[in-house]
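For reference, the structure is listed below as C-alpha cells.
The values are calculated or read from the model by the stated rules, or taken from the named source; none is laboratory data. A quick note: this is a predicted structure, and the numbers were derived from the prediction, not measured. When we count neighbours, we look across all protein chains shown, and the Cβ atoms used for this are built from the backbone with ideal geometry, even at glycine.
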Amino acid sequence: MKNFAPLSRKKPLAIAVSCVLASSMFSLQAQDQSTETEKAEEKTERIQVVGSRIRNDGLDQAAPIEVISASMAASQGISNLGELLRNSTVAAGSNQITSAASTAFVTEGGTGSENISLRGLGANRTLVLLNGRRAGPAGTRGQVSSFDPNVLPLSAIDRIEILKDGASSLYGSDAVAGVINIITKKGDEGSVNFNTSQPTESGGENFQLNGTYGKTFGRGSFRVVGDYKIQKELAKGQRSFFNCAERYIFDAATGERADPIDPRTGSAHCNDLLWGHVWLYDYQGAGGNVPGGAKAQFDYDGNLGNFIPGFATDPSNPDFMVTPPGWFPVAYDRTSDAVANADHPFQDLETLTPETELITAYAQGDYELSDSVMLYGEALLNRRTTKNNGYRQFWSYKYNEDFFAGDPLSAGWTGAQWLSPTPITDHSGGKVTVDYRRFVLGLNGDVGNWFWDVSYQDSHSDGDYQTKLIYEDAISPYNFASGSCVGEVTTIRGVPCVDVPWLDPQFLAGNITGQVRDFLFGQQTGNTVYKQQSLEGYITGDLFELPAGPIGMAVGASYQRDSIKDTPGLETLRNNTWGQSSAGITEGSHNTKAVFTELQIPFLRDMLFAEALDFTVSGRYTDVSSYGSDYTYKAGVNWQIGQGFRVRASRGSSFRSPALYELYLNNQTSFVGQRTIDPCINWGAGLAAGTTGEIVANNCAADGIPANFGGGAISATVTTGGGAGQLGAETSVAKTLGLVWIPEFADFSASIDYFDIQITGEVTNLTAAQIVGNCYFSENFGTEPLCNQFDRDPTDLRITDVRGGYLNIATQVNRGFDLTLGYRVDTPIGQLSATYQHTRQLEASQQLFATSEPIDRTGEFGRPRDVGNLMVALDYEDWTFNWTARYVGEVSNYTRYGQGEYRDTTTYRGDEVKVVLHSDAVIYHAFSVTKDFRDAGVDVTFGVANAFDKEPPRVSAPGGSGISRQGTAAFYSQYDWLGRRMFLNMSYQF
C-alpha cells in the first residue's frame, strides 16, 4: 500500500483536515470552489497533523485537535497571534499573560511579553511548534522560558493546530498541557494588507501594514513576509473603570452605595496608591493626639479644615505630636478616609497596555535536490520595542526634631513619634527591546515506502531592558540620620550626598527637581540572551499489512541545547536599587537527548459496530543533563462505530524538566518593606475597616501579634534563587475520552471530549508576600508549612528573613469537557455556516504540600467554569457577513472570601457592608462585513468589536477575596479592556 504521494508541488490537505476533525470552531467557513476541486484530486495524499508523527490522510485523527484559521482574525478585529490563541476556549478558561499583565505585575519574559497557557497549567507546560519544529523562547530578565507570540505576525500564518492533550512521548518535555503547532502560509500568491483598530475612546489604537509574496518555480518554491505593527499605549486614565479604585461597597440593609464620599469632588473616594503622606509611628500611649493608624497629610488645597479636625494641641504635653502648619491626620476613620489623597495625576498616566512596535521579516523556501530529496529552510527576524510609564511610592525613616537623637532637618515636627515620609514619583517604567531570530535548515524525502525528515533549528533571543530606578545608597544609609549629610559621599556610587527634603510637601507630592532628582534617580540597562539549538530526525512509513490495513510506524531521535545568560544592570549587580531586588548574573545551560517511537495499529475494519478500530502507542526516552532521564508513554484508541459515530480515547504520561531559570536563577536578595508583606500590621484597625479578613486577624492574634502592631522599621530580607540540585522534574498523566459524530445526511459535526490532567511535583515560585500571606490566610495555621519559611524578631516582632525560591509542590489537577458543534447549509441567499465551541471546567485545583488541603479555583475570577465561542458566517456572492460571540461564564469569589463558606459582607470602620465578588456571564459580540472586489484583487473588511461596549465587571476587593483589580475593574484576560472599537482591513492580492 502506498504511504504517500511522491514529492510534488501539491498543496496538503490542511483545509480538509480542519473541516472533518470536528475540533475547530472555525473549520466550517466556506472555501473557494477551486479549493474543493483540489481536495477531491488529492484524496490519497498523506500528511502529518500535530498529535502524531505518522503520516496519514488526516481524516480520522484520534487526538482532540482544534484547528484555527488565521484568516478569520480579520473578521473579528484581531491583529495578533496572542489574542487569537487566547480566545480559543482551551486557553480562555484561565487567566493569561498579556502585555498589560506584564506591566501591572512582574511576569516571566519581562515587560511587553506574552505567552499562552493551555488549560491554565502554565506557559512552561505548553509546547509551541512552528511548522512542526520547536520555536525557542523570547523575552528579558532571568525568567525566560516560553515562546512569545509577538515574534510571528498573523500575516505569515495559514492556520494553528492545537493538540488538547499531553504529548511528551511524541514531542518531549513541556508538552504537558498540549501542543500548539503554527503552520505558515505556502502557495503562489502575493498580497499587501493594511489593518487598523480604533477604539471609540482614545488609547489602545492599532496600526499594521504587511506584504507577502510566494512563488513556485520548477523544482522549488519560496515565500517572503514583511510586517510592521504599532500598538498604541492604553493608560489607566483613559478608561473610567481603571482610573479610580473606589471601594465599591454597599449598605448591608438598604443596598445603597456605602463608599465614603470625597467632599472635594462629590464622588466616591478613590482608594488607589496613597501619596504625599508622612506615616506616623506613635509612642504616646493612651491619651495621645495621633489617632490609631493616622497618617499626616498636607493641606494642598487649603480646605481640609472644612472637613476634618487637625491634630489636637497641648503645649504642656511634650509627647503630643506637633507639625508645621497645614498638616492634618487622615485615614483613621470614615470621614478622614474620604479626604485621604490616593488618586494622584501620575496614576492617570500609568501604562496599562504598553506601546509596542513590532518589525518582522519571515522567509521560507524549498528545493527538490532530486526526485526523492528536498532541501528546505526558514528564517524569522523580529524586533519588539516596548515602552511603559509608571509611578511609585518611596520612603525613608526619620526622627522628628526632638525624639530620640532628633534631626534638625525635621524642624517643626516634635513629639513622641518617628516618621516615615512617603513621597510619590513618576520616575518609573522603562523600555524593552528584544531581537529574535530563528533559522531552520532541513532535508526530507522518501526511500521506498518510507518518508524521512532531518532538521536543524537555531533560535536566539537578545533583549535589552532599560529601567528607571531609585538609588539605594541615596536613601537607606541615611535612615534615622541626625542631621545633614552634606560633605559625605554615598557608599556605592561615591557621589556627594545631597540633603533630601523628605518633609517638604511639594517633594512629597512628586515635584522633585534639580539636584535632588539627580541624586535620587537614575536608570540602568540589563541584557538577556536565550539560545536554543535542536537537531531532530525521524522516519515514518508502513511496517507491514494486517487484514485491517498497514501498521504505521515512526521512529526518531533529537538533540537540543538550551542556554540562558541574564546580566542585570550595573546598579542591580551592586545592590544599589531601592525597593527592587538585587541579583547576580543568571547563567546556565542544559542538553536534552531523546529517542522516540510511535505505532498505529489497525485492528478491525468493516465489521458490525466497528467500521474501523485503531490503536496507537508511543514512547520516548529523554535524558536531560541538568536533571536525569525518564520514560514517557501514550496509548490511544480510535473506534469508528458506524453511522458517523466515532469514539476516541487516550492515556499518556508526560514530564517537564525544570526550566533553566528555575534551576540557575542567581540568588536574588531584596529588601521589602514590612507593610508590603506583613498582613498583621494594625490588624485590629484593618479588621474594623474591612481591609483585614477575620481568619488573618485570628491567626495574627494566635501568633502573639498585638492588634495595634505598627510593623518594624527595618525592611525584611528576601532571598530567592534557582533550585539546581534540589528540584525534580514534574510528571503528569493525561487522560481523554471523546465522542465524535459526523453524519452523512447533513453537513454537521459534533464532538465532546473529556480531559483529565494531573501534574505531580509542579515547580513553582512563591513571593515573600505569598509566603507570609498564605501562612496567615491558612485555615491550618498551626501546621501550615509556609509559616516555616520566614522568621520574626522576638523583640519587635518584625519579619526579618523570608526564604523564597522554586520548589516542587504536591499536585495540580485540571478536568473538564470540550464541546464542538458545526453546521453548514446552502440557503437561497447564500451559504450559511455556524460553529460553536464550549469548554466546561470541572476542577482546577492545586495542592501546595502533601499536608495542605487542595484548593479548587474553578468558577472563580480568572477561572470561569464555562467559556464558549460562536461564529456565524453568511457568504452571498462577493459579500461575507460575520458575527462572533465570545462567552465568559459567571464567576464568584464569595466562597473563597468566606474560607469555604459563602460570605458577601465585611466591615468598614465598624459598619457591616456588602461587597461585590461576582460577575454574571459576559458575552462580547463582533460584527463585520467583507466585500471581495475580485476583478481588482481587492477585499475590504469593516467591522466593530465589543459592539455593545461591555466594560469589565466592577468588583470590590476586601482582603482575602483573591480578586485582582485595576481601578474598580476585575483585571483578568477574559475581559475586554479597550471597549467598543471599529476595525478596517484592506488587502490587495496579486
Flag if Pro743 is more than 29 Å from the chain's Cα centre (by Cα) and either crowded, with 16+ Cβ neighbours inside 10 Å or outside the structural domain of Arg119 (by TED's automatic domain parsing) (or both):
no
Residue list for the range 913-929, filter: surrounded by fewer than 15 Cβ atoms within 10 Å (Cβ to Cβ) and not in a strand (DSSP E or B):
Asp920, Ala921
Counting only residues that are touching a Phe, Trp or Tyr at 6+ places or on another chain (Cβ under 6 Å), surrounded by fewer than 22 Cβ atoms within 10 Å (Cβ to Cβ) and in contact (Cβ under 8 Å) with a residue 40 or more places away in the chain, how many does the range 882-912 have?
1
Which one of Phe328, Phe394, Phe311 is in contact (Cβ under 8 Å) with a residue 40 or more places away in the chain and closer than 27 Å to Leu409 by Cβ?
Phe394
If the requirement is being of a type in the set (Gly, Ala, Ser), touching a residue at least 24 places away in the same chain (Cβ under 8 Å) and in a strand (DSSP E or B), which of these qualifies: Ala769, Ala746, Ala734?
Ala734
Does Arg934 fit the bill of being out of contact with any Pro (no Cβ under 7 Å at 6 or more places or on another chain) and at pLDDT below 95?
yes
Would you mind stating whether Thr184 is closer than 20 Å to Met982 by Cβ, touching a strand residue (DSSP E or B) at 6+ places or on another chain (Cβ under 7 Å), among the polar types (S, T, N, Q) and in the same structural domain as Phe933 (by TED's automatic domain parsing)?
no
Does Val486 meet the test of being without any contact (Cβ under 8 Å) to a residue 24 or more places away in the chain and either surrounded by fewer than 18 Cβ atoms within 10 Å (Cβ to Cβ) or part of a loop (DSSP other than H, G, I, E, B) (or both)?
yes
Only listed residue being in contact with a helix residue (DSSP H, G or I) (Cβ under 9 Å, 6 or more places away or on another chain) and assigned by TED's automatic domain parsing to the domain that holds Ala945, chosen from Thr895, Thr907, Thr858
Thr907
Where residues in the range 684-713 are part of a loop (DSSP other than H, G, I, E, B) and of a type in the set (Val, Ile, Thr), which of them is modelled with the lowest pLDDT?
Thr691
Picked from the range 714-731 (must be crowded, with 20+ Cβ neighbours inside 10 Å and part of a strand (DSSP E or B)), the residue modelled with the lowest pLDDT is Thr720
Unmet requirement for Gly292, which otherwise passes all of (1) touching a Gly at 6+ places or on another chain (Cβ under 9 Å); (2) at pLDDT 95 or above:
(2)
The range 557-586, subset under 25 Å from the mean Cα position of the chain (by Cα) and closer than 25 Å to Asp630 by Cα, residue surrounded by the most Cβ atoms within 10 Å (Cβ to Cβ):
Ile564
Determine whether Gly132 is crowded, with 23+ Cβ neighbours inside 10 Å and either touching a residue at least 24 places away in the same chain (Cβ under 8 Å) or within 20 Å of Val176 (Cβ to Cβ) (or both).
no
Examine the range 98-110 for a residue that is surrounded by 24 or more Cβ atoms within 10 Å (Cβ to Cβ), in contact with a strand residue (DSSP E or B) (Cβ under 8 Å, 6 or more places away or on another chain) and closer than 28 Å to Phe942 by Cα, and state whether such a residue exists.
yes
Pick from the range 839-858 the residues that are of a type in the set (D, E, K, R) and assigned to a strand (DSSP E or B): which of them is nearest to Gly960 (Cα to Cα)?
Asp856
Look at Asp174 and say whether it is in contact (Cβ under 8 Å) with a residue 12 or more places away in the chain and either in a loop (DSSP other than H, G, I, E, B) or surrounded by fewer than 20 Cβ atoms within 10 Å (Cβ to Cβ) (or both).
yes
Given the residues Lys229, Lys215, which is the only one that is among the charged types (D, E, K, R), surrounded by 16 or more Cβ atoms within 10 Å (Cβ to Cβ) and in a strand (DSSP E or B)?
Lys229
Within the range 147-174, considering residues that are small (Gly, Ala, Ser) and more than 27 Å from Arg383 (Cα to Cα), the one farthest from the chain's Cα centre (by Cα)
Ser169
So, Ala91, is that one modelled with pLDDT of 50 or more, surrounded by fewer than 24 Cβ atoms within 10 Å (Cβ to Cβ) and among the aliphatic types (A, V, I, L, M) or not?
no
Of Leu441, Leu381, which residue is surrounded by fewer than 18 Cβ atoms within 10 Å (Cβ to Cβ), modelled with pLDDT of 95 or more and over 27 Å from the mean Cα position of the chain (by Cα)?
Leu441
Look through the range 305-320, keep the residues that are more than 47 Å from the chain's Cα centre (by Cα) and either more than 21 Å from Leu503 (Cβ to Cβ) or not hydroxyl-bearing (Ser, Thr, Tyr) (or both), and return whichever of them is surrounded by the most Cβ atoms within 10 Å (Cβ to Cβ).
Phe320
If a residue must be farther than 17 Å from Gly77 by Cα and assigned to a strand (DSSP E or B), how many such residues does the range 930-953 contain?
3
When the range 746-766 is checked residue by residue, the ones that are under 25 Å from Asn666 (Cα atoms), crowded, with 17+ Cβ neighbours inside 10 Å and of a type outside the set (Gly, Ala, Ser) are Glu762, Val763, Asn765, Leu766
Could you check the range 452-483 and list, in sequence order, the residues that are assigned to a loop (DSSP other than H, G, I, E, B), within 13 Å of Ser396 (Cβ to Cβ) and touching a helix residue (DSSP H, G or I) at 6+ places or on another chain (Cβ under 7 Å)?
none
Residues in the range 565-587: is at least one modelled with pLDDT of 95 or more and over 30 Å from Thr525 (Cβ atoms)?
no
